[in-house]
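Heads up, the thing below is written out as structure tokens.
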Amino acid sequence: MATRLGLLGFGTVGAGVWDMILRQGYADSLTIGSIGVRDTSKPRTAPAELFTTDLARVVEDCDVVVEVMGGLDPAFDLLAQASRAGKPIVTANKELMAKRGHELFAMGAAPIRFEAAVGGAIPVVGTVARSIEPHQIQRIVGVLNGTSNYILNQMRELGISFGEALAEAQALGYAEADPTHDVDGYDSLFKIAILSALVTGKRPNLDAATRQGIREVSSQNIADAEAVGGRWRLVASARFAGTAVSLEVRPKLVGPAHPLFELPGGTNSVMIRGTHSGDVSLRGPGAGAGPTASAVLGDILEIVRDPHQLRREWSVNHAPAVPEGPGPSDELGAHFASDVLWED
Ligand code: HSE
């Protein structure tokens with residue numbers, strides 16, 4: 001019998017999930033029973049009779065809840081409802097997982113999957129959660145926001161303004177409904193916080209993090225960087241010392257030998273350094289309908305194949321923060337990351 005999915009949200013990702021289920025031939029094994037949205041009057045690619053504004057009903061009437069609406073409210077309450085009812089959850093919601101994921105884990109016994117919350121199509125959540133021994137991980141460094149990377153690339157390559165490049169990123173379905181989350185570094189912070197929680201098993205401490213976005217990287221800054229052979233990247237990093245974590249998101253200049261120098265369009269890249277594992281690098285499309293829907297579908301299929309799999313969770317206690325080093329500086333030279341990725 002087909003697994004009945006309850007889809008919460010039908011924006012870029014929701015429409016991508018719908019499209020992929022049809023195109024990839026899953027329609028016999030996966031049925032989208034209903035789709036919860038705020039406004040049913042908008043023209044959409046799925047049949048009108050599937051849409052409802054009764055979001056709680058979507059959760060009630062399905063086997064697996066697929067949350068792609070984003071934000072905390074009402075998403076958290078709906079996932080709490082699902083969790084209490086023992087229904088498996090697949091979510092792409094990075095803000096929710098970073099801020100309240102620990103509460104969801106504490107609540108229910110059903111699996112919660114969130115591969116799509118970090119790095120789009122890149123299987124980084126599964127890699128950190130299941131494929132690398134966590135206690136030996138020292139650093140995670142990467143570019144985790146496709147919109148910011150796209151904007152920085154377009155400003156440099158085409159000389160267009162920040163606003164023009166952001167409008168393109170929105171048209172491509174990269175940006176959040178509120179692009180402040182992308183350009184001010186919140187989205188990157190949520191993602192690196194989720195990865196850090198997978199390493200420590202503890203709730204990430206967002207308040208102790210350093211966060212700076214790309215809004216202040218001007219066309220002149222980009223030209224100055226070009227003149228000295230550098231490129232700006234919005235770099236997210238987590239540094240681990242025992243169970244303590246330091247989280248940082250800020251623009252950095254990287255030189256031609258740096259692993260983040262060649263990172264076209266909205267590409268994301270994540271590097272994980274472990275004492276025993278060595279350096280593991282992943283890169284790929286980090287945003288947009290197809291890449292994100294691919295990760296959502298991967299999670300759904302994993303749940304359908306093995307609903308009794310082990311859950312990953314982190315406790316309600318914060319991971320202690322590692323004291324910060326010097327903050328970001330306005331001087332160009334101070335932004336230059338070493339070509340040795342791990343030294344900055
Ligand atoms: N707005 C996000 C980004 C989407 O640009 O990376 C993927 O999480």
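The values are calculated or read from the model by the stated rules, or taken from the named source; none is laboratory data. Computed from a predicted structure; not experimentally measured. A quick note on method: Cβ atoms are made from the backbone with ideal geometry, for glycine too, and the neighbour counts reach across all protein chains shown. All accessible areas refer to the heavy atoms of the entire protein, side chains included, with ligands and DNA or RNA removed. Shrake-Rupley method; radii C 1.70, N 1.55, O 1.52, S 1.80 Å.
Identify the single condition in (1) touching a Gly at 6+ places or on another chain (Cβ under 8 Å); (2) surrounded by 19 or more Cβ atoms within 10 Å (Cβ to Cβ); (3) modelled with pLDDT of 95 or more that Ala110 does not satisfy, given that it satisfies every other one.
(3)
In this structure, is Gly126 over 22 Å from Leu282 (Cβ atoms) and part of a helix (DSSP H, G or I)?
no
Tell me yes or no: at least one residue of the stretch 44-67 is touching a residue at least 12 places away in the same chain (Cβ under 8 Å), touching a helix residue (DSSP H, G or I) at 6+ places or on another chain (Cβ under 7 Å), under 26 Å from Leu189 (Cβ atoms) and surrounded by fewer than 21 Cβ atoms within 10 Å (Cβ to Cβ).
no
Return the residue satisfying two criteria in turn: it lies in the stretch 174-195 and is among the charged types (D, E, K, R) and touching a residue at least 12 places away in the same chain (Cβ under 8 Å), and of such residues it is farthest from the ligand (Cβ to nearest atom).
So the residue we want is Asp184.
Quickly run through the stretch 69-107 and pick out the residues that are open to solvent by less than 20 Å² (accessible area, probe 1.4 Å), within 17 Å of the chain's Cα centre (by Cα) and touching a residue at least 40 places away in the same chain (Cβ under 8 Å).
Scanning the stretch 69-107 gives Ala75, Val90, Ala92, Met97, Ala98, Gly101, His102.
Only residues that are open to solvent by 50 Å² or more (accessible area, probe 1.4 Å), within 18 Å of the chain's Cα centre (by Cα) and in contact (Cβ under 8 Å) with a residue 24 or more places away in the chain: list them for the stretch 145-173, please.
Leu172, the sole residue that qualifies.
Does the stretch 249-263 include one or more residues that are at pLDDT 95 or above, under 15 Å from the mean Cα position of the chain (by Cα), within 16 Å of the ligand (Cβ to nearest atom) and open to solvent by less than 10 Å² (accessible area, probe 1.4 Å)?
Yes, some residue in the stretch 249-263 is at pLDDT 95 or above, under 15 Å from the mean Cα position of the chain (by Cα), within 16 Å of the ligand (Cβ to nearest atom) and open to solvent by less than 10 Å² (accessible area, probe 1.4 Å).
Among the listed residues Gly142, Gly146, which satisfies the condition of being over 24 Å from Ser83 (Cα atoms), modelled with pLDDT of 95 or more and touching a Phe, Trp or Tyr at 6+ places or on another chain (Cβ under 6 Å)?
Criteria check complete, one pass: Gly146.
If a residue has to be out of contact with any Ser or Thr (no Cβ under 7 Å at 6 or more places or on another chain) and closer than 25 Å to Gly14 by Cα to count, how many in the stretch 113-128 make the cut?
Step one: filter the stretch 113-128 for residues out of contact with any Ser or Thr (no Cβ under 7 Å at 6 or more places or on another chain), giving 113, 115, 118-119, 122-128.
Narrowing further to those that are closer than 25 Å to Gly14 by Cα: 113, 115, 118-119, 122-127.
Going through the stretch 113-128 one residue at a time, the tally reaches 10.
Those residues that are within 14 Å of Phe261 (Cα to Cα) and within 9 Å of the ligand (Cβ to nearest atom), I need them from the stretch 149-173; list them, please.
Of everything in the stretch 149-173, those that are within 14 Å of Phe261 (Cα to Cα) and within 9 Å of the ligand (Cβ to nearest atom) turn out to be Asn149, Tyr150.
Quick one: in the stretch 218-234, which of the residues that are open to solvent by less than 10 Å² (accessible area, probe 1.4 Å) and out of contact with any helix residue (DSSP H, G or I) (no Cβ under 6 Å at 6 or more places or on another chain) is farthest from Thr200 (Cα to Cα)?
Ala225
Which condition breaks for Asp299 when tested against (1) within 25 Å of Leu152 (Cα to Cα); (2) touching a residue at least 12 places away in the same chain (Cβ under 8 Å)?
With respect to (1) within 25 Å of Leu152 (Cα to Cα); (2) touching a residue at least 12 places away in the same chain (Cβ under 8 Å), Asp299 is out only on (1).
Checking the condition closer than 24 Å to Met97 by Cα, crowded, with 24+ Cβ neighbours inside 10 Å and either at pLDDT below 95 or in contact with a strand residue (DSSP E or B) (Cβ under 9 Å, 6 or more places away or on another chain) (or both), which residue from Ala129, Ala193 passes?
The conditions single out Ala193.
Looking only at residues that are open to solvent by less than 20 Å² (accessible area, probe 1.4 Å) and not in a helix (DSSP H, G or I) in the stretch 5-33, which one is nearest to Asp178 (Cα to Cα)?
Gly9
Going by the conditions given, is Thr243 open to solvent by 10 Å² or more (accessible area, probe 1.4 Å), within 16 Å of the ligand (Cβ to nearest atom) and either touching a strand residue (DSSP E or B) at 6+ places or on another chain (Cβ under 9 Å) or not polar (S, T, N, Q) (or both)?
no
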